[in-house]
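To start, the structure under review is shown below, and the notes come after it.
FYI, it's all coordinate maths here, none of it is from the lab. Values in this document were obtained by computation on a predicted structure and should not be read as measured data. Using ideal geometry, Cβ is built from the backbone for each residue, glycine included, and neighbour counts are taken over all protein chains shown.
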């Protein structure tokens, strides 16, 4: 039996294809609605899986084409991140046979396809069941800046996460490393080019420039709805980062920033020797921003594409305080009265200071002078 998958996120479409082909089904993919219509005519599929938000021609238009123009009653599954009742009802009224909301496990998608095609569904025992891969609601790009990370990069954690969470795309930026980081990253990417990029900077430009270049690189991929960054040491883990993406995708915030606030129920482990400097720096930052930010410097943030357009086009002044500059540039672009309603500071459940930090005590003291430069410029 032949399946047509229409989805503008290549990672998602390829993941579904892999599972369906493994079940003995023939699959073809379309990255927009017009290609989906053309493929429908040429392949005569037995079932169609449709995303709604596609470029050129929308999923609703493809559904209308199948039902009204072609007068076909083949099963159509809508697979979408849109979860409002009006859209779901509209999809069924327009002829959809099923509506699956992302995020969703791939095993569930396969079962629903087989049910509509009347293919026997064999229940797996606990021993034979595979861990379900989860299709994400949105396309999410994550920049990971790397400088001399050969000995401490947790490669397995990164690869396991993207392999089990289609919709995520990682961009490792080698910031002029002097050890074997670049070779390590290229080996990590092999066979996973669909969801891992390696961006190489020949010279060390600092974290700010590494993040900026990585974000601009990922922003060229229009299938990514949100783009963020995460420290290579995973002091903030993917569970917390996933929580940040859930917040931004379900609200009107334009940037969601992790916050290392000590509180009941959270495990926040910091290096105590920096406590006094951190409190002093945070106080000065709040005065410069004019906002009661608790923790601007947490290395886990995710943002909308218009924030990138407004704040990442020009290099930042400093290597370490670019987070402050992002918020100041947002303040200038979106307006003083609006900006605070566009930023969410979200407490993390876990944060652990890892040995090998590139920010020394000497750098921490220099930050005070860099803050003065920022205050003067902005």
Got the relative contact order for region 1-96 handy, in percent, Cα pairs under 8 Å and 6 or more residues apart? 28
Zone residues, region 167-183, relative to residue 203, backbone N less than 18 Å from point 7 Å out along Cα-to-Cβ: 174-179
Crossing angle, helix 33-43 versus the chain [Cα axis fit, 0-90 degrees, rounded to tens]: 30
Grab the Cα-Cα distance for residue 251 and residue 119, subtract it from 0.36 nm times how many residues apart they are, and report the gain in nm with one decimal. 43.6 nm
Contour minus Cα-Cα distance for residue 368 and residue 93 (0.36 nm per residue): 92.9 nm
Is the shape of the chain rounded, prolate or oblate, going by the alpha carbon gyration tensor and its root eigenvalues a ≥ b ≥ c, with a/c under 1.5 for rounded and a/b larger than b/c for prolate? prolate
For region 169-226, shape from the Cα gyration tensor axes a ≥ b ≥ c, cut at a/c of 1.5 then a/b versus b/c, turns out oblate
Point-to-point label distance, residue 83-residue 163, nm (Cα→Cβ direction, 7 Å offset): 2.8
Most exposed first by the Cβ proxy, i.e. fewest other Cβ within 10 Å, how do 244, 20, 283, 371 rank? 283, 371, 20, 244
Mind giving me the nanometre distance, one decimal, between the label points for residue 349 and residue 305, set 7 Å out from Cα along Cα→Cβ? 3.1
On full extension of the chain, what length is gained from residue 332 through residue 26, given 0.36 nm per residue of separation minus the C-alpha to C-alpha distance? 104.9 nm
quick note, the chain, DSSP beta bridge pairs, % antiparallel (nearest 5) is 20
Would you mind checking the tilt of helix 10-22 against the longest principal axis of the Cα atoms of the chain, expressed as 0 to 90 degrees and rounded to 10? 50
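What number, in percent, do you get for the relative contact order of the chain if the mean sequence gap of Cα pairs under 8 Å and at least 6 apart is divided by its residue count?
Computed value for the chain: 13 percent relative contact order.
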Grab the DSSP H runs of the chain that are 4 residues or longer, score each as -39,500 (n - 2.57), total them, divide by all residues and round the 222 nm result to the nearest 500 deg cm²/dmol. -12000 deg cm²/dmol
Cα gyration tensor of region 140-207, axes a ≥ b ≥ c as square roots of the eigenvalues: rounded (a/c below 1.5), prolate (a/b > b/c) or oblate? prolate
Once you've got the GNM for the chain with C-alpha springs shorter than 10 Å, pick whichever of 69, 150, 209 has the biggest mean-square fluctuation. 69
Round to the nearest 10 and give me the degree value, 0 to 90, for the angle of helix 275-289's Cα axis relative to the longest principal axis of the chain. 70
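Can you tell me the alpha carbon radius of gyration of region 2-117 divided by the globular rule-of-thumb value 2.2 N^0.38 Å?
For region 2-117, the normalised Cα radius of gyration is 0.94.
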